[in-house]
Amino acid sequence: MPTKNPTQSDFPSNLTITITPPPNPTSSPSPNILLLLHGIGDTATAFSSFGRALHLPETTVLTLQAPLPLPFDLPGFHWGDDVAFDTSTGGLDMDAGLTRSTAKIVNDVIRGVLIQKCGYRPREILIFGFGQGGMAGLSVARELGVSGEKEGVDREALAGVVSVGAPYPLSGLRAGGKNRTPVLLLSGRDSVAVSGAAVSRTKEVFEFVEVSRYVRRGDGMPSNRDEMLPVMQFFARRLRSRQGVPEGSVELG
């Protein structure tokens, strides 16, 4: 089927999603979809500002809001099956089970809309997730690959997953062959979450895993050009272009 740009009416009404078109949209559908998944306590509206700031050519950015509000009148939403606290930090634990949110993204967003309604192939869909959203993105890539094998479908890997401050979850399944979706893990130099053991666990699931660590401490979002450069280089390798890289796009090189 011919490809078409996704619209709000394509998605189930119970999903909160913002759509950011390419900076210079044309009459042709975007050859790429970038799906943004926010961290614990955030919203799609707030996180979509990052997608606009990326200014990626020929890429439609979809920012999806997590399905469940945080309890105790805390602001924002989360991707977990439950709410758990990390005893070492006292904060909310990212790795709180991601079965339901993974299924929702796989079935209601990627398969139900982007593939079946809009005609995109998995190779044209890339995920960027922060914190728990990064864990969810990795779980989604793994689930798409495994379910394709079960159905006897020669299903392509996604274009890639960028996960900031989060490895593949301990709660995730690891049986079966390695997934061929390329992965970039981004973290602070002192990251507890993206430890050596966590990187090894991620490499048990994915065949191609690249790790980039900030010079500074902390697993926050990239805050300067040096921290963002590995992400933009990953995008440049994985995003497709009908027009070539525009002259002057140094940050994408």
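Listed here are the residues, each with its yes/no results for (1) touching a residue at least 40 places away in the same chain (Cβ under 8 Å); (2) more than 24 Å from residue 240 (Cα to Cα); (3) touching a strand residue (DSSP E or B) at 6+ places or on another chain (Cβ under 8 Å); (4) not acidic (Asp, Glu).
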position: 165; (1), (2), (3), (4): yes, yes, yes, yes
position: 169; (1), (2), (3), (4): yes, yes, no, yes
position: 181; (1), (2), (3), (4): yes, no, yes, yes
position: 191; (1), (2), (3), (4): no, yes, yes, yes
position: 198; (1), (2), (3), (4): no, yes, no, yes
position: 202; (1), (2), (3), (4): yes, yes, yes, yes
position: 205; (1), (2), (3), (4): yes, yes, yes, yes
### Query
Quick one: which of 83, 113 is outside any loop (DSSP other than H, G, I, E, B) and aliphatic (A, V, I, L, M)?
113
## Note on the structure
In region 192-209, anything out of contact with any Leu (no Cβ under 9 Å at 6 or more places or on another chain) and hydroxyl-bearing (Ser, Thr, Tyr) is listed as 195, 200
### Among residues of region 22-45, those that are surrounded by 21 or more Cβ atoms within 10 Å (Cβ to Cβ) and in contact with an Asp or Glu (Cβ under 7 Å, 6 or more places away or on another chain), counted
3
### Summary
Residue hits (region 191-220; of a type in the set (A, V, I, L, M, F, W, C) and surrounded by 16 or more Cβ atoms within 10 Å (Cβ to Cβ)) are 193, 194, 198, 199, 205, 206, 209, 211
#### Entry: strands (runs of 3 or more DSSP E) contained entirely in region 1-74, each with at least 3 residues that are out of contact with any His (no Cβ under 7 Å at 6 or more places or on another chain), at pLDDT below 95 and closer than 17 Å to residue 111 by Cα
none
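Could you tell me which residue of region 75-105 is modelled with the lowest pLDDT, considering only residues that are aliphatic (A, V, I, L, M) and surrounded by 15 or more Cβ atoms within 10 Å (Cβ to Cβ)? First the steps, then the outcome.
Initially, region 75-105 is screened for residues aliphatic (A, V, I, L, M), giving 83-84, 92, 94, 96, 98, 103, 105.
Those left that are additionally surrounded by 15 or more Cβ atoms within 10 Å (Cβ to Cβ): 83, 92, 94, 96, 98, 105.
Working: 83: 82, 92: 78, 94: 91, 96: 89, 98: 95, 105: 97.
Here the residue is 92.
Return yes or no: is residue 133 assigned to a helix (DSSP H, G or I) and either within 12 Å of the chain's Cα centre (by Cα) or modelled with pLDDT under 95 (or both)? Please lay out each step first, then the result.
Details: assigned to a helix (DSSP H, G or I): yes; either within 12 Å of the chain's Cα centre (by Cα) or modelled with pLDDT under 95 (or both): yes.
Spelling it out, residue 133 is indeed assigned to a helix (DSSP H, G or I) and either within 12 Å of the chain's Cα centre (by Cα) or modelled with pLDDT under 95 (or both).
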### Task
Answer yes or no: is there a residue in region 181-190 that is more than 15 Å from residue 127 (Cβ to Cβ), modelled with pLDDT of 95 or more and surrounded by 16 or more Cβ atoms within 10 Å (Cβ to Cβ).
yes
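Report, by residue number, each residue of region 206-243 that is in contact with a Phe, Trp or Tyr (Cβ under 7 Å, 6 or more places away or on another chain) and not in a loop (DSSP other than H, G, I, E, B). Please lay out each step first, then the result.
Within region 206-243, the first condition is being in contact with a Phe, Trp or Tyr (Cβ under 7 Å, 6 or more places away or on another chain), and the residues that meet it are 221, 227.
Within region 206-243, just 227 meets the criteria.
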### Task
Give region 116-125 a look and list any residue that's surrounded by fewer than 24 Cβ atoms within 10 Å (Cβ to Cβ) and either among the polar types (S, T, N, Q) or assigned to a strand (DSSP E or B) (or both), or say none.
116
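The values are calculated or read from the model by the stated rules, or taken from the named source; none is laboratory data. Computed from a predicted model, the values in this text were never measured in an experiment. Neighbour counts are summed over all protein chains in view; Cβ atoms, including those assigned to glycine, are modelled from backbone coordinates with ideal geometry.
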